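These notes concern the structure reproduced below.
Throughout, read-outs are computed from the coordinates displayed, never taken from laboratory work. Small disclaimer: the values here were computed from a predicted structure and weren't measured. Neighbour counts run over all protein chains shown; Cβ positions are idealised from the backbone, glycine included.
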Amino acid sequence: MLVDEVLAALAVHPAGRYVDATFGRGGHSERILAALGPQGSLVAIDRDPEAIAAGHARFAQERRLALVHGPFSELTRLLRAASPQPALYDGILIDCGVSSPQLDTPARGFSFRQDGPLDMRMDPGTGLPVADWLAHATFEELRQVIATLGEERFARKIAAALVRERERAPIERTLQLAGIVERAVPVREPGKHAATRTFQALRMHVNDELGQLRAALAQSIDLLAPGGRLAVLSFHSLEDGVVRDFMRAHSSVDPALARLPVIPASAAPKLRLFGRKQRASAAEVAANPRARSALLRVAERVVPEAA
Ligand SMILES: C[S@@+](CC[C@H](N)C(=O)[O-])C[C@H]1O[C@@H](n2cnc3c(N)ncnc32)[C@H](O)[C@@H]1O
């Protein structure tokens, strides 16, 4: 999504080194590779083994690309493993959330429209499927996750229904969960399935999406070369809040030090905001309704002043 905008923000140098921390099916990676020359390189990461397998099949001949399986919360470790020489990068892209193949494959359990096992892990090899978490979470944990990550005003009613229903039978299928939520929610939002917010909350919870994002952002600063760009696409207000707060905090002087006559070099901002936040064009939203909530923020690594 916002592929042209992301490419413009990254301003790919032909001989540069880039990171796509969320390979998916390689839409952004493909465009980065097209802008790179023979000396350039790209490390592409995904925590979903199916994404990495699809990438190997699609880019089997591509020598400039290293595909790495793992969570971007371990960005520094994954990049060191891909390129043992210590390296700085000219651009890092994070395109948050799930891919279309994940959403559209019933067996992955992300969809409230198609029946499948209630899983929703991006990496089926780690962590707890939603069904396991639902079986053991307390009422208060359920309410809190659905209220916070789903921004769902009927979280209390939904959590109560889940606790009631799981005493009768384990909640193990996507359509079973969607039905329980539909019956618990008294008011429908126009154009939105009643279970949209609950599914989003449970997905974000079992994949620790906000924790992953915070960890990757924190590591990105020391991985960027001077002038290198960090581009982050988010799809949720809480996700965008994490990105916005991170970029603001690192592009301004700590208020406690701002009044000093000379700002110590160690307190100087490490990032500079690059442009304004951007949304998908009307044409892109018309072609792909999922682009409606996409927001792009970009920051640039400041060139440290000579000592
Ligand atoms: C929105 S899709 C990316 C689409 C991609 N930019 C493209 O053009 O095809 C997000 C991808 O990031 C992966 N992902 C999400 N969170 C991740 C994390 N914490 N670590 C690694 N990969 C992650 C998902 O598995 C998914 O494949």
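Quick notes
- Relative contact order (%) - criterion: Cα under 8 Å, at least six apart; region: the stretch 33-75: 49 percent
- Backbone geometry of the stretch 207-217 corresponds, through the Karplus equation with coefficients 6.51, -1.76 and 1.60 at θ = phi - 60°, to 3J(HN,Hα) couplings of 9, 6, 5, 6, x, 4, 5, 4, 5, 5, 4 Hz, x marking Gly and Pro.
- Within the chain, DSSP assigns beta bridges of which about 40% are antiparallel (rounded to the nearest 5).
- Built amide H within the under 5 Å cut-off of R173, gap 5+: L118
- Whole-Hz couplings from phi, Karplus 6.51/-1.76/1.60, listed for the stretch 219-234; x for Gly and Pro: 7, 4, 4, 7, 9, 8, 6, x, x, x, 10, 10, 10, 10, 9, 10
- A Cβ-based charge dipole, computed about the Cα centre of the stretch 169-307 with Lys and Arg at +1 and Asp and Glu at -1, lands at about 400 debye.
- Counting only alpha carbon atoms, the long axis of helix 237-250 and the longest principal axis of the chain meet at about 20°.
- When the stretch 149-307 is described by a simple charge dipole with +1 on each Lys and Arg Cβ and -1 on each Asp and Glu Cβ, the residue from L223, A299, L202 located farthest towards its positive end is L202.
- Length-normalised contact order of the chain in % [C-alpha pairs under 8 Å, at least 6 apart]: 18 percent
- Helix 139-149 and the long axis of the chain differ in direction by around 40°, with both axes built from C-alpha atoms.
- Take every Cα pair under 8 Å whose residues are at least 6 apart in sequence, average their separation, divide by the length of the stretch 170-307, and the relative contact order is 26 percent.
- Degrees separating the helix 196-206 axis from the principal Cα axis of the chain, which is the longest one: 60 degrees
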